[in-house]
Structures are given as structure tokens and as C-alpha cells.
1. Do any residues in region 167-189 that are farther than 17 Å from Asp119 by Cβ have Cβ atoms under 7 Å from those of residues that are in a loop (DSSP other than H, G, I, E, B) and at pLDDT 80 or above, where the two are at least six apart or on different chains, and which pairs are they?
2. It is to be established whether one or more residues within region 152-163 are closer than 21 Å to Thr193 by Cβ, among the charged types (D, E, K, R) and surrounded by 14 or more Cβ atoms within 10 Å (Cβ to Cβ).
3. Select from region 90-115 the residues that are of a type in the set (Gly, Ala, Ser) and out of contact with any His (no Cβ under 7 Å at 6 or more places or on another chain) and write down the one among them that is surrounded by the most Cβ atoms within 10 Å (Cβ to Cβ).
4. Looking at (1) at pLDDT 95 or above; (2) more than 22 Å from Phe158 (Cα to Cα), find the lone condition where Ala43 falls short.
5. Of (1) loosely packed, with under 12 Cβ neighbours inside 10 Å; (2) more than 26 Å from Thr142 (Cβ to Cβ), Phe231 satisfies all except one. Which?
6. Testing Thr108 on (1) polar (S, T, N, Q); (2) under 30 Å from Gly232 (Cβ atoms); (3) in a helix (DSSP H, G or I); (4) touching a residue at least 60 places away in the same chain (Cβ under 8 Å), one condition comes back false. Which one is that?
7. Check Phe84, Phe133 and return the single one that is under 11 Å from the mean Cα position of the chain (by Cα), in contact (Cβ under 8 Å) with a residue 12 or more places away in the chain and either in a helix (DSSP H, G or I) or closer than 30 Å to Phe231 by Cα (or both).
8. Glu170 passes all but one of (1) surrounded by 14 or more Cβ atoms within 10 Å (Cβ to Cβ); (2) charged (D, E, K, R); (3) farther than 19 Å from Ala230 by Cα; which number fails?
Amino acid sequence: MSQEASSGPAEATPPGTARPPRQQPARPSLGGGTPAQDRELRAQGRETVRRLLEAGMIEFEERGFHGVRVDDVVRRAGISHGTFYLYFSNKEDLFKALLRDALHDMETVAGDFPVVTSDDTGLKVLRQWVRKFFRAYAAHATVIRILSQADLVPEEVFGDGLRLFFSIAEAMTTGMTAAAQAAGRHQEHAELTAVACLMMLERVNYLISAEVRLPEEEMADRIADIMFAAFGLNVT
């Protein structure tokens, strides 16, 4: 048996005893794919997974989703086919692991959406959030670009992307309208405004990730300004 295969638990769970929950790594993907979900990975196993993930990310970037083969990933990672299948079922499983990281980080960004007030402070915190979105998108640009193309990925994977999109739009709607609602003002079509703003935000980041040269910080601030105005906010 290879050393990699020994990365399961050192002791079997006694009969009648519930298996303790797996401790989730800081990067969800480091837990591996489907074949690794019933065991806690040791340091060597996590390092192997990390190498496969990094190789997979490069291959997906260079070849696209359909162009990548497991052969390409293991060759780049310097790891055997047998070891690959200890941690991932196939290339789709590997992509889903990378997607878990992207979803985790983007959901964190959604959760950090601030309450935006109609003043200098509100515009400042909105600009900070948009820059945070830019950074998170850049960290996972390859995965998000593939995810945005429904014909390139399995339906369930595309569905994960849609759920994330509407989760961010909901957080945006809440943050942009909370101050107005507290003051007794109702904003028409707030949800649609949030969706339109998020589509603009995503497309600009898509273009930047595709190497369209744009001044990123200035662009982030301009997008924040447009969002601020789109919700009827203004600095007095």
C-alpha cells in the first residue's frame, strides 16, 4: 500500500459509536474530493491534494474545462494516476473542489456587505466592499469564468454558481436599502437594481481576468459610485 493510501484514520471507529465530524480545513478543497470524504487527511495527504489542485487550476486555465484530462493534471503535479484516484473521482470532482474554495470565499464577501448610508461614510464602506469583491474574484478567476459558462460545466455545478449570484444580490439589496427603510423610505425595484449592479460588477471582473487592461482600483471605485447612485443615495 502506498504511503498516500495510509492517510485514513489511524484507528477504526468502534461499532455503535458515531464517527466524529471531520474537521474542515481552512481551504475546503484541501479535504479532497469524493473518495477522500470518509477519512481525515494527514499532512502528506493534504500536500498531495494541494499539488493536484494547483496543477488542476493551471490546466483549467490553459485548456478550459473540456480540454483538461486527468493525464494532464497528474503529469503536471508529478503524481501517479493511482494516487489521484485516492482523492478525486475524475476531473469534474477536482473542479468541484476548486469551486468549493471559490464559493466559500465569495460567500464570505457576500456576508461582509455593509449597511450603506447616504453619506461619505456609506460611499467609503461601499468602495471598500467592491475592492474586496475584486480581490476575491481575482483569486478564483479561472473557476468563476468556467462557472459562468453554462454549456461548459455540469448543471449542478452551474446551479451552485447561480445560488451564489443571488445570495450576493440579496446581501446587496439588504445592505443598500437598510438605511432607507430605517428612515421610512421605500426604494422601488431594489432587487432588480441589485441584480443589474452585480451583473456589471461580475462582467468587469470577467474582462479583467481575461487580461483586458483596466485600472482596477479606479474601476472598483467607479462601480461603487454607480451602485451608490443606482440606489438613489447621494453625498450631501
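1. Ala171/Phe113; Met172/Phe113
2. For region 152-163, residues closer than 21 Å to Thr193 by Cβ, among the charged types (D, E, K, R) and surrounded by 14 or more Cβ atoms within 10 Å (Cβ to Cβ): absent.
3. Keep residues of region 90-115 that are of a type in the set (Gly, Ala, Ser), which gives 97, 102, 110-111.
So of that shortlist, the ones also out of contact with any His (no Cβ under 7 Å at 6 or more places or on another chain) come out as 97, 110-111.
Working: Ala97: 24, Ala110: 21, Gly111: 10.
Only one residue tops the list, namely Ala97.
4. Of the numbered conditions (1) at pLDDT 95 or above; (2) more than 22 Å from Phe158 (Cα to Cα), the odd one out for Ala43 is (1).
5. Checking Phe231 against (1) loosely packed, with under 12 Cβ neighbours inside 10 Å; (2) more than 26 Å from Thr142 (Cβ to Cβ), the one that fails is (1).
6. Single failed check for Thr108: (4).
7. Details: Phe84 fails: under 11 Å from the mean Cα position of the chain (by Cα).
Just a single option satisfies the conditions, and that option is Phe133.
8. (3)
The values are calculated or read from the model by the stated rules, or taken from the named source; none is laboratory data. The shown structure was predicted, so the numbers you read here are calculated from the model rather than taken from an experiment. Cβ atoms come from the backbone with ideal geometry, glycine included; neighbour counts cover every protein chain shown.
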